[in-house]
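Right, one structure below, let's go through it.
The values are calculated or read from the model by the stated rules, or taken from the named source; none is laboratory data. No experiment lies behind these values; they were computed from the predicted model shown. For neighbour counting, all protein chains shown are included, and Cβ atoms are generated from backbone atoms with ideal geometry for every residue, glycine included. The area values use the complete protein model at the heavy-atom level, side chains included, leaving out ligands, DNA and RNA. Shrake-Rupley method; radii C 1.70, N 1.55, O 1.52, S 1.80 Å.
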Amino acid sequence: MSVHHPGAAMVLRSRADDWRQSGYRVRAGADGRLRVEHDERDRVPGGAAVEQSLRNAIMQPGAAVIGGVGDGCVLPLLAPRPPGQHGATQAVYLCEPDTDRLLAALSVQDLSANDGPIASGSVLWFVGPSWHADYTEAITSNPRLPLPDIHARLGTGPETEAQWRVALRAREDARQERARAAKSWSDAVMETDLAPIISGQDAMPPRVLLITPRFTTVVRHSIAAAARGFEQLGWKARVCTEAADHERLSPEAVVAEVAEFRPHLILAVNYHRHHFTGVPDGVPFVCWIQDDMLHLIEPGAGDRLGPSDFVMGTWAHRYATEWGYPADRCVVVPRMTDAGGCSPGPSPTVTAPEMVYVSSHSGAPEKILDRLTAGVGTGTPQARAAARTGLDLIALYAAGESLADQRVLRRMLADAARDEGVAEPDEGWLSKVAELLSLHLNNPLYRQQGLAWAARVAESRGLTLSVYGPGWDRHPTLAPHARGPIAYGDDLDRVTRHADFNLRLEPYPAMCHQRLIDSIAAGGFVLNRRFSDAEEPEARFARIFLDRLAERAPTTTHAIALLEPHERPGFVALLDRLRAAIPRLADADLVTYYQQRLQSGSLADYIHSEHPPGFFDTVFGNETELGGLVDRFLADRPRRDALLAEQRAAINARHAYPAGLRLLLGRVRAALEAERSRRPAPAGSPL
């Protein structure tokens, strides 16, 4: 107790030798367990019914506040409570005014286990005459502490509930005060010219608040790396997150950070300002899109952005062209990495495997489909169409085929809906369900198909395949290759660096995948599953177009005339390959078409995210091609190492965090200047 809760321990020590004088005693109950007793029985409620009631209550989601310990037998029930997703725990506030009753209970209960209610950290102890002041101070000073959903009194009177209500009013007063301070800062920012501050021309360094949940891996790692990138640019960075497993990153907590830190910029991954209710409008807010989450692409999502709201991401231009986001606030930034700066460190404690794959998409497709269909409803034609599309998708992979184009999946869903009697399927419903099927069903199907190829390639050559991530030990065929979770960061970088081959098996463009960028930057050699037959010819054409034709050739005829005679046959052949891979462009003038894409901003990913050198020498489309690459690079390690060195140099030069963040800040500054030019100039700077 003195280690984990020194304040409570000090109170208890003051009464350690006197608790028996207050009428408490310890006796064995009918069940043989020791219990605290007292002549006034309402001081020590207990028994099987009380314990079961409390057990049921605290097993529910939400924080709990407990007034008193009753006969002491409830203490072991308080922890550990079942952890939630990614290890989140529920807070328990134990409020015990009667130190003698608590000392009696502690005399019969051994709570010293590391995950017990003393050491776990999720049980907060407020003991003795000042318990209510201590409790009030705790929940008002730390807005990350969740307010209790569950209330129980075990031997305390109604005055305890009255004190809980006082504490809640104090918490609300503190919340309102922080909200006023955040709004005051926001108003000051709106009245100030941020351009010189964001550009680093102000005497004081600009400040950025980065928001991330504690209970993630990749996102938390990305935010930490972004904070370091901002600091390299001269910014002062603060990460807003939970400090302990029982805390919560609520909107109230974010507003409190804005009030205290007074940032000039706020950045969060996959969430907009309006997802943090109460964050004022004045401070520029950047949603860093790493995944096409449903709440980002639902109808009307883009309309909710204000003039100081931005999105950043590798494919941010799609949010303008496909989902109606304001184009001037969609900032295309390449995937960023700081893995290239990590030290090689010692080799892994186990022999490095020849082939490595890292993913959490280990679920059985049939079970995934069951959960998805339950989520979209049952018994309706739309629900039957979703279930049928999912089954058709599973059957497609069972036949050895695959699907990487979501437009095809959307057509499958629309056809199934019409077959079920829905004449004109709702566009919003189609988009939502197709996205669900793509993200949660097709994604693991595609990855697991490629992983099955890798398993057979490894087995036939006597190689080791190691699959890292949760749940693979329960996979029906890939369990022998499961190695459990691995920590994102140095641990993963070391395994990546020492493996002969790291696998990228995802159904989307290579340069959209963080794992590819981090692997190469860390010194890992990557073999890549082909995403589309168009990926290579389009990448090669886009490079020629951007480097040599964009400013000079409006049509294909002009482009051919500009090339050297010996270059023209190869260029025409490349155009033919691109038309064959994208049938809808069979009759198009490709140079004119790509000029239009350039003007619309939809070539931004090729401008900022060029494939690393020799990338297409590492691409496979089936099991045979994967085996061929493995054989070739195992037989020619100098070629493998030289290619990796070239790729790593390019990735570290193009994808470092400072470079990507400069792109973001330049666009934010330009947009704010344009917005400011439409407003009357301020009388002076309050900052």
Output for the stretch 366-399, where each listed residue is of a type in the set (G, A, S), open to solvent by 60 Å² or more (accessible area, probe 1.4 Å), closer than 30 Å to R584 by Cβ and in a helix (DSSP H, G or I): A398
Top-ranked residue in the stretch 405-425 [being free of Cβ contacts under 8 Å to residues at least 12 places away in the same chain and not in a helix (DSSP H, G or I); ranked as surrounded by the fewest Cβ atoms within 10 Å (Cβ to Cβ)]: A423
Residue within the stretch 298-305 that is among the acidic types (D, E) and assigned to a loop (DSSP other than H, G, I, E, B) present: yes
Residues (touching a Lys or Arg at 6+ places or on another chain (Cβ under 8 Å) and among the hydroxyl-bearing types (S, T, Y)) located in the stretch 173-220: S199, T212
Inter-residue pairs, beta-carbon under 7 Å, first open to solvent by 10 Å² or more (accessible area, probe 1.4 Å) and in the stretch 516-538, second aromatic (F, W, Y), 6+ apart: R530/F620; F531/Y508; E536/F616
Criterion: crowded, with 17+ Cβ neighbours inside 10 Å, within 28 Å of G628 (Cβ to Cβ), within 30 Å of the chain's Cα centre (by Cα) and in contact (Cβ under 8 Å) with a residue 12 or more places away in the chain - qualifying residue of S431, S402, S438: S402
Residues within the stretch 253-268 that are of a type in the set (A, V, I, L, M) and within 19 Å of L194 (Cα to Cα), tallied: 5
Within the stretch 292-315, tally of residues that are in contact (Cβ under 8 Å) with a residue 40 or more places away in the chain, within 25 Å of E427 (Cα to Cα) and either crowded, with 17+ Cβ neighbours inside 10 Å or within 15 Å of the chain's Cα centre (by Cα) (or both): 4
Any pair with Cβ under 9 angstrom, 6 or more apart, that starts in the stretch 637-658 at a residue that is without any contact (Cβ under 8 Å) to a residue 24 or more places away in the chain and ends at one that is open to solvent by 80 Å² or more (accessible area, probe 1.4 Å) and in a helix (DSSP H, G or I): R639/R632
Subset of the stretch 96-110 [under 12 Å from E37 (Cβ atoms), of a type outside the set (D, E, K, R) and surrounded by 19 or more Cβ atoms within 10 Å (Cβ to Cβ)]: A104, A105
Candidates E172, E177, E161, E137 - the one that is surrounded by fewer than 15 Cβ atoms within 10 Å (Cβ to Cβ) and within 21 Å of P45 (Cβ to Cβ): E161
Any helices (runs of 4 or more DSSP H) falling wholly within the stretch 569-687 and containing at least 3 residues that are more than 34 Å from the chain's Cα centre (by Cα) and over 30 Å from A458 (Cβ atoms): 590-600
Unmet criterion (only one of (1) charged (D, E, K, R); (2) more than 16 Å from L94 (Cβ to Cβ); (3) free of Cβ contacts under 8 Å to residues at least 60 places away in the same chain; (4) surrounded by 13 or more Cβ atoms within 10 Å (Cβ to Cβ)) for E40: (4)
Any hit, the stretch 661-673, residues being open to solvent by 20 Å² or more (accessible area, probe 1.4 Å), free of Cβ contacts under 8 Å to residues at least 60 places away in the same chain and over 19 Å from V332 (Cα atoms): no
Yes/no for R228 being assigned to a helix (DSSP H, G or I) and surrounded by fewer than 20 Cβ atoms within 10 Å (Cβ to Cβ): yes
Within the stretch 8-25, considering residues that are within 19 Å of L111 (Cβ to Cβ) and open to solvent by less than 50 Å² (accessible area, probe 1.4 Å), the one nearest to the chain's Cα centre (by Cα): A8
Conditions (1) within 23 Å of G128 (Cβ to Cβ); (2) without any contact (Cβ under 8 Å) to a residue 60 or more places away in the chain; (3) among the aliphatic types (A, V, I, L, M); number of the one not met by V74: (2)
Breaking point among (1) under 30 Å from L465 (Cβ atoms); (2) crowded, with 17+ Cβ neighbours inside 10 Å; (3) over 28 Å from the mean Cα position of the chain (by Cα), for N443: (3)
Criterion (in contact with a Leu (Cβ under 7 Å, 6 or more places away or on another chain) and within 25 Å of P129 (Cβ to Cβ)) met by exactly one of A63, A104, A28: A63
Filtered residues of the stretch 465-474 (kept if farther than 11 Å from Y357 by Cα and either out of contact with any strand residue (DSSP E or B) (no Cβ under 9 Å at 6 or more places or on another chain) or assigned to a loop (DSSP other than H, G, I, E, B) (or both)): P470, G471
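Per-residue answers, yes or no, for (1) closer than 30 Å to A301 by Cα; (2) in a loop (DSSP other than H, G, I, E, B):
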{"site": "K432", "(1), (2)": "yes, no"}
{"site": "L441", "(1), (2)": "yes, no"}
{"site": "A454", "(1), (2)": "no, no"}
{"site": "P476", "(1), (2)": "no, yes"}
{"site": "I486", "(1), (2)": "no, yes"}
Residue check, V279 assigned to a loop (DSSP other than H, G, I, E, B) and either touching a helix residue (DSSP H, G or I) at 6+ places or on another chain (Cβ under 9 Å) or surrounded by 21 or more Cβ atoms within 10 Å (Cβ to Cβ) (or both): yes
Residue that is free of Cβ contacts under 8 Å to residues at least 40 places away in the same chain, small (G, A, S) and either open to solvent by less than 20 Å² (accessible area, probe 1.4 Å) or closer than 28 Å to S532 by Cα (or both), where the choices are A479, A455: A455
All positions within the stretch 307-319 that are touching a strand residue (DSSP E or B) at 6+ places or on another chain (Cβ under 8 Å) and part of a loop (DSSP other than H, G, I, E, B): S308, T314, W315
Filter pass, E247 being open to solvent by less than 20 Å² (accessible area, probe 1.4 Å), of a type outside the set (S, T, Y) and outside any strand (DSSP E or B): yes
Qualifying residue in the stretch 196-217 (condition: modelled with pLDDT of 95 or more, open to solvent by 30 Å² or more (accessible area, probe 1.4 Å), touching a strand residue (DSSP E or B) at 6+ places or on another chain (Cβ under 7 Å) and within 17 Å of A9 (Cα to Cα)): no
